[in-house]
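**Q** Have a look at this one before I ask anything.
The values are calculated or read from the model by the stated rules, or taken from the named source; none is laboratory data. Everything quoted here is computed from the prediction, not taken from an experiment. FYI the Cβ positions are ideal-geometry reconstructions off the backbone, even for glycines, and counts take in every protein chain you see. To get the accessible areas, we keep the full protein, side chains included, count just its heavy atoms, and leave off ligands, DNA and RNA. Shrake-Rupley method; radii C 1.70, N 1.55, O 1.52, S 1.80 Å.
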Amino acid sequence: MLLKAKPKAPLIKELGTAPRKPSLPSYFSLLPLLLLTIAMLCAGLANGAVNAATDSAELRVGSELEFPPYAFVDESGRPAGFSVDLIKAVSDVMGLPIKISTGSWDTVWNALVAGRLDVLPIVAKSPERQRLVDFSLPHTETYDAFFVRQGNPQIQNLEAARGKEIVVMRSDAAHHALLDRNFQNRLILVETIPAGLSLIASGKHDAFLCSKLIGTMVINEHRLTNLEAGPPIPDYKRLFSFAVKKGDVELLES
């Protein structure tokens, strides 16, 4: 089952920076063990989980366009990344066919909440989101940081961001974290991490808040040489899990 066990330490912890291009083997050397563990947690999916809306055994999975190395589209426009490999491995073990569609994070998140998708394979758990969806055990842990233009003071935590214009990805964990803490200053919402970092690099606004690992990879890939990441902020961390629509008992407990 996805949810019955009590939460344990995430299977993979990601901190710090990354090499120039995404290299899944270099980040996820524990992948075989991770796949086996998640497959065991998801054993309930093997026993005839059915999409209630379509009465079909095909599981509708959402994946992001630009969230490397976890989710992105390859040169042929196909969904790729660690979370895609993860859900495919689980579906292979369980013998459950899946259909993966891609979109911006805001698009796939709202599709899950509305029931147009059955599963997102990588969602950061938060109190706000727990009211809308149900989560599996976490499989990956990562920390956020503020990205600023070189030469500007680093932002150490959320309190230090007060009075500044902060860019975040719409409906991202960083966006929800700021809303949960009643952040009163101007928030600039973008659809992707590259779009947010490009705004800061162009001289607009003060900082972009996102996963330090992913933001660093995007900076390297897009050669945004005038940006730098601050330290991991202590205010929250991302615990990535599988997520399904709230109360989807048939999928979680069959």
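**Q** Would you calculate the separation in nanometres between label points at LYS164 and LYS246, each defined as 7 Å from the Cα along the Cα-to-beta-carbon direction?
**A** 3.3
**Q** Give me the percent of DSSP beta bridges within the range 50-166 that run antiparallel, rounded to the nearest 5.
**A** The antiparallel fraction comes to roughly 40 percent.
**Q** Given a Förster distance of 45 Å, report the FRET efficiency between GLU58 and SER202 from their Cβ-Cβ distance, rounded to the nearest 0.05.
**A** Given R0 = 45 Å and the Cβ-Cβ separation, E is 0.60.
**Q** While we're here: How many percent of DSSP beta bridges within the range 107-216 run antiparallel, rounded to 5?
**A** If we restrict to bridges inside the range 107-216, about 40 percent are antiparallel.
**Q** Counting pairs of alpha carbon atoms under 8 Å apart in space and at least six apart in sequence, what relative contact order in percent does the range 192-254 give?
**A** 28
**Q** Using the per-residue mean of other Cβ atoms lying within 10 Å as a proxy for protection, in what order, highest first, do the peptides 158-168, 236-246 fall?
**A** My ranking of the peptides, most packed first, is 236-246, 158-168.
**Q** At a probe size of 1.4 Å, how large is the accessible area of VAL119, to the nearest 10 Å²?
**A** 10
**Q** Follow-up question, since we're still on this one. For the range 155-254, what does the convex hull of the Cα positions come to per residue, in cubic angstrom?
**A** 120
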